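Participant: Below is the structure I would like to discuss, written out as structure tokens.
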Amino acid sequence: MKKVVTVQDISCVGKCSCTAALPILSCCGMETVLLPTALLSAHTDGFGENTFLDLTSEMKRIASHWKSIGISFDCIYSGYLGSCEQTEFISDFIDAFKKDGGLTVIDPVMGDGGRLYKYFENDFISDMRALCGKADIITPNITEACMLADIPFCENYSEGLINDIFLALYALGAKNIVITGIKFDADTIGYAYTEGNGAIGIIKEPFHHNVRFAGTGDVFTSALVGMAMRGNGFAQSVRASAEFTEKCIDITDDKTKPFYYGLNFEECLDFLTSNK
Ligand code: PXL
């Protein structure tokens, strides 16, 4: 069985980070190990006065123990980090714990809607640029992509602008890129991704006005890691996880609970792995 380590916070409530990554990766047939970055009563997007405990020093103790037992990973999948210092730590962790030929996936979780999330300062962006340089796959949303590329966030994205963002992200050293949540025009939202041979693939979906759910990016990236680790190529993995995420959005009734309770991805797990 392949072993994936996911580097994520523990947001106890709200179905993001590890409470999305662990079930989705297990469903994909991966043994999944958690390296926790912070402990929160709930994620920071909507629940009000959440608690936050930075686990940077504990991560170092955990890594030392893992070194002593000789563990290594087929995939290192890093999501929400709890401090600037953790970006450098994860860079060293990749060198120390990734098996030869293993996959490095960095989701540069920093912000949404053109803004950094609570607790993040601008200096985190340059630290994250360095970490993305080590990745086989990066999965920024459009806000994070613009921050990493140092291109102003805007409302609608032309092909030319997406191309410029891709060039800036490749220049960081990332090999395969998928950017999520791109508004193409008033009615469509979707993805742009490395298609191969220098081409950029585009997936457009109808934009459901005013419907968004916390943790959607974590559900998408976790599914992408699962699909890639099952042996699917990058472009195929992007398409399968985009389809899965769209199904999760469709099935989640935003009238029965607020957006910050996240997606009902549990109801779609069968779909994720059928025939893939
Ligand atoms: O889904 C991204 C995410 C992960 N972890 C924490 C968050 C967020 C987004 O707000 O607050 C703690």
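Taken together, the values in this text are just the output of simple stated rules run on the coordinates, not laboratory data. As the structure is a computational prediction, the values presented were derived from the model and not from experiment. Here the Cβ positions follow ideal geometry from the backbone for every residue, glycine too, while neighbour counts run over all protein chains shown.
Participant: Take each of the peptides 155-167, 228-240, average the number of other beta-carbon atoms within 10 Å over its residues, and list them starting from the highest.
Facilitator: Values: 155-167: 13.9, 228-240: 18.8.
Those peptides, ordered most packed to least, come out 228-240, 155-167.
Participant: Strictly greater than 31 Å: what percent of every Cα pair in the chain meets that?
Facilitator: Cα-Cα pairs of the chain separated by over 31 Å account for 19 percent.
Participant: Quick one: compute the contact order of the chain, relative version, from alpha carbon pairs under 8 angstrom and 6+ residues apart, as a percent.
Facilitator: Here the relative contact order equals 18 percent.
Participant: Aspartates and glutamates within cross-link reach of residue 276: Cα-Cα under 14 Å, excluding same-chain residues under 8 positions apart?
Facilitator: Counting by Cα, and skipping residues close in sequence, residue 276 has these aspartates and glutamates nearby: 243.
Participant: Still on this structure, please answer the following. For segment 1-80, what does the relative contact order come out to in percent, with C-alpha contacts under 8 Å and a separation of six or more?
Facilitator: 40 percent.
Participant: Give, as a single signed number, the net charge of other residues whose beta carbon lies under 11 Å from the beta carbon of residue 212, with Lys and Arg counted +1 and Asp and Glu -1.
Facilitator: That works out to -3.
Participant: Taking a ≥ b ≥ c as the square roots of the eigenvalues of the Cα gyration tensor of segment 118-170, is the shape rounded (a/c under 1.5), prolate (a/b larger than b/c) or oblate? Don't skip to the answer; put the middle values down first.
Facilitator: Values: a/c = 2.18, a/b = 1.28, b/c = 1.71.
Oblate shape, in that a/c is at least 1.5 and b/c is the bigger or equal ratio.
Participant: Is segment 1-129 best put as rounded, prolate or oblate by its Cα gyration tensor, with a ≥ b ≥ c the root eigenvalues, rounded for a/c under 1.5, and otherwise prolate when a/b is larger than b/c, oblate when not?
Facilitator: Prolate.
Participant: Here's a follow-up. For residue 188, list long-range residues whose amide hydrogen, built 1.01 Å from N in the peptide plane, is under 5 Å from its own amide hydrogen.
Facilitator: Here the answer is 207, since their amide H atoms fall under 5 Å of that of residue 188.
Participant: If you don't mind, another one. In whole Hz, what ³J(HN,Hα) sequence does segment 79-87 give by Karplus (6.51, -1.76, 1.60; θ = phi - 60°), x for Gly and Pro?
Facilitator: Karplus-based 3J(HN,Hα) across segment 79-87 equals x, 5, 9, x, 6, 4, 4, 5, 5 Hz.
Participant: Rounded, prolate or oblate: which fits segment 82-195 when a ≥ b ≥ c are the square roots of the eigenvalues of the alpha-carbon gyration tensor, with rounded for a/c under 1.5 and prolate only if a/b beats b/c?
Facilitator: Oblate, since a/c reaches 1.5 and b/c is not below a/b.
Participant: With r defined as the distance between the Cβ atoms of residue 236 and residue 151 and R0 fixed at 30 Å, what FRET efficiency is calculated, to the nearest 0.05?
Facilitator: Computed FRET efficiency for residue 236 and residue 151 comes out at 0.60.
Participant: Quick check: the distance between the Cα centres of segment 167-186 and segment 130-164, to the nearest angstrom?
Facilitator: Measuring centre to centre over Cα atoms gives 4 Å.
Participant: Next question. Going by average Cβ neighbours within 10 Å, how do the peptides 185-195, 67-77 rank, with the highest at the top?
Facilitator: Ranking, from highest mean packing down: 185-195, 67-77.
Participant: Also, I was wondering about something else. For segment 131-276, what size does the Cα cloud have along each of its three principal axes, sorted from largest down, in whole Å?
Facilitator: 43, 35, 25
Participant: So, one more: Just for the Cα atoms in segment 1-41, what are the lengths along the principal axes, largest first, rounded to whole Å?
Facilitator: That works out to 32, 16, 8 Å along the principal axes.
Participant: Taking a cut-off of 21 Å between Cα atoms, list the lysines near residue 204, but don't count ones fewer than 8 places away on the same chain.
Facilitator: Candidates past the 8-residue exclusion: 183, 247.
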